[in-house]
1. Compare ASP113, ASP135, ASP60 in a GNM of the chain, Cα atoms joined below 10 Å, and give the one with the largest fluctuation.
2. Where the only charges are on Cβ atoms (+1 Lys, Arg; -1 Asp, Glu), what is the dipole of the stretch 12-162 about its Cα centre, to the nearest 20 debye?
3. So what's the net charge close to THR84: Lys and Arg +1, Asp and Glu -1, counting the other residues with Cβ under 12 Å from its Cβ?
4. If you build the convex hull over the alpha carbons only and average its shadow over all orientations, what do you get for the stretch 59-155? Give it in nm² to one decimal.
5. Let me make sure I get this right: for the chain, a, b and c are the square roots of the gyration tensor eigenvalues over alpha carbons, sorted descending. Under 1.5 in a/c it's rounded, otherwise prolate if a/b > b/c, else oblate. Which is it?
6. I want the local charge near GLN165. Using Cβ-Cβ distances under 11 Å, sum +1 for each Lys or Arg and -1 for each Asp or Glu among the other residues.
7. Below 28 Å, Cα to Cα, which lysines can LYS39 reach? Residues fewer than 8 away in the same chain don't count.
8. Considering only the chain, what is the antiparallel percent among its DSSP beta bridges, to the nearest 5?
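The values are calculated or read from the model by the stated rules, or taken from the named source; none is laboratory data. From a predicted model like this one, the values you see are computed outputs, not experimental measurements. Quick reminder, even Gly has a Cβ in these numbers, built from the backbone with ideal geometry, and neighbours come from all protein chains shown. Areas reflect the complete protein model, heavy atoms only, side chains present, ligands, DNA and RNA absent. Shrake-Rupley method; radii C 1.70, N 1.55, O 1.52, S 1.80 Å.
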Amino acid sequence: KNLISYFQSKGNFEAAVQTSVNKQGNGETILYTIAKGPKHKVSSVSIDGNKVLGDEQLFDHVGVQKAKFFSHGLYSEKLMRSSTKNLEATFRAEGYIAVRVTPKVEGKGGNIDVTFLVEEGPRDNVRELHIVGNDTMAVAQLAPKGLKLIAGKPYSQKSADDDRQTINEAFRVLAPGG
């Protein structure tokens, strides 16, 4: 996979690598057969289907890049996977827990067009927030700067994790015997 990513990063987006192992005496010979394929350019990178988050905000999370003057652009299967995961994480952080991002690659001549198709799904908002089991401290003591999860605002697992850490630290520092 590393060899394929290397050649894809050089513009050989159709690169293929085959491996064969030959045992000889008490050793082995590993032979890599590489078919680089033709060079291509990334002629466009787009995000379709996003209604809430703007392209500028989303492209910061995309590693695949359009070709420039002396560059074929940046493209590899690894970059496609990481870009897809990054886009999904960005939407989830904004409350779109059921988001789906599907990458699509289309070839035209020696060029490729990359599109990330976004299905945002419904936005999950916090209806109510309760802190249960705390009989010793006011919420203002547990989170002096406030909690990130607030009723009526989008739900985010990262915000829930951050709030949990804030509350745990407050108990560790402020609770009797903590």
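1. Ranking ASP113, ASP135, ASP60 by mean-square fluctuation puts ASP135 first.
2. 440 debye
3. Residues close to THR84 contribute a combined charge of +3.
4. Numbers: hull surface 38.0 nm².
Averaged projected area of the stretch 59-155's Cα convex hull equals 9.5 nm².
5. On the way: a/c = 3.76, a/b = 1.87, b/c = 2.01.
Oblate, because a/c is 1.5 or more while a/b does not exceed b/c.
6. Net local charge, GLN165 excluded: 0.
7. LYS1, LYS10, LYS66, LYS68, LYS78, LYS85, LYS104, LYS108
8. Bridges in the chain are about 75 percent antiparallel.
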